[in-house]
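For reference, the structure discussed in these notes is given below.
The values are calculated or read from the model by the stated rules, or taken from the named source; none is laboratory data. All of these numbers come straight from a predicted model, not from anything done at the bench. Cβ placement follows ideal geometry from the backbone for every residue including glycine, while neighbour counts extend to all protein chains displayed. With ligands, DNA and RNA removed, areas are computed over all heavy atoms of the protein, side chains included. Shrake-Rupley method; radii C 1.70, N 1.55, O 1.52, S 1.80 Å.
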Amino acid sequence: MRWTRGTSDADIEDRRASGGGVRGRLPMGGGGLRLGLGGLILLAILSVVFKQDFLSLLDQMPADTTVSTNVPSGPPADASPEETERFEFVKFVLNDAQDTWEKRLPEQGHQYQRAKLVVFRDAVQSACGFAEAATGPFYCPGDQKVYIDLSFYDELQRRFGAAGEFAEAYVIAHELGHHIQNQLGIDAEVRRIQQARPDRANDLSVRLELQADCLAGAWGHSTAQRNLLESGDVEAGLNAAAAIGDDRIQKMTTGRVMPERFTHGSSAQRVAWFRRGLESGRLDACDTFASR
């Protein structure tokens, strides 16, 4: 992927040197923190090691609304050249994606308000509660921030074979998709229906995640138009989407696929919606709730 170093820090909170802050309950579901990609990977690994279905815990975790007490603290003194380079790349992706949505959303009848990206190590306190690195990248609607521990990318490559810069970019773009859903009121409406109709909770969660995949693809469409993509980039993004499909993770952990427990969508679904966004570049092409 063609990208530029030294982009703006205005939307970045670098908390890598601050530690984890005040420990609290790890929130998942409800109106708070969603289990991130890394959290799914962790549960997959635990299930394989202990031969138990830890993914079923997703149905039992309570929500939390702990208020953040952390403040930005700057980069750590021991950052390696590789980590520094990855930090620069993440900054570029965040800025480019948000610049794109600031232009594209008004064209489609909506305004875009920029999110913040919090980069941390090991653990972090957010408006949605306390989270460890194993939670993976996540978006917190309570403070409109995306959170990521950069070591997640090592896990994504090592455990699931999803390598490449565009695969890494897809992760940030997906979480910004949740930010767009929050701004448009989609997230709040989904949570309202889930509380009223618990029998539809998993299906609606899948549709929410697939829409974020599509929105990530829509940003990818803009990068292709601007000749930022190189050979193999699209394949890397599609591979990342496929790598974290619920069916693939369930097969690895339990040896069987249980669609009724899907929360993010199958590999085929994630690839299909990411590809739809890539091909269309439009918000109205990402209506996963109208599709069957």
task: Grab the other residues whose beta carbon is less than 12 angstrom from that of Q157, score K and R as +1, D and E as -1, and report the net.
output: -1
task: Could you order R226, R270, R207, R5 by accessible surface area, starting with the largest, using a probe radius of 1.4 Å?
output: R5, R226, R207, R270
query: Largest first, what is the accessible-area ranking of E168, E260 with a 1.4 Å probe?
result: E260, E168
- line: Order by accessible surface, 1.4 Å probe, largest leading, for residues M1, M252 comes to M252, M1
- line: Surrounding charge for Q108, neighbours by C-beta under 14 angstrom, Lys/Arg +1, Asp/Glu -1, total -1
query: For segment 127-172, what % of the accessible area comes from carbon and sulfur atoms, probe 1.4 Å?
result: 40 percent
- request: Could you state how much accessible area W273 has, in square angstrom rounded to the nearest 10, with a 1.4 Å probe and all protein chains kept in place?
  value: 20 Å²
- request: With a 1.4 Å probe and every protein chain left in place, tell me how much accessible area S126 has, in Å² to the nearest 10.
  value: 0 Å²
message: Using a Debye calculation, one point per C-alpha and no hydration shell, please list log10 I(q)/I(0) for segment 160-263 at q = 0.22 Å⁻¹ in order.
response: -1.14
task: Would you mind counting up the charge near K145? Only other residues with Cβ under 12 Å from its Cβ, with Lys and Arg at +1 and Asp and Glu at -1.
output: -1
Per residue Cα convex hull volume in Å³ - calculated over segment 195-247: 68 Å³
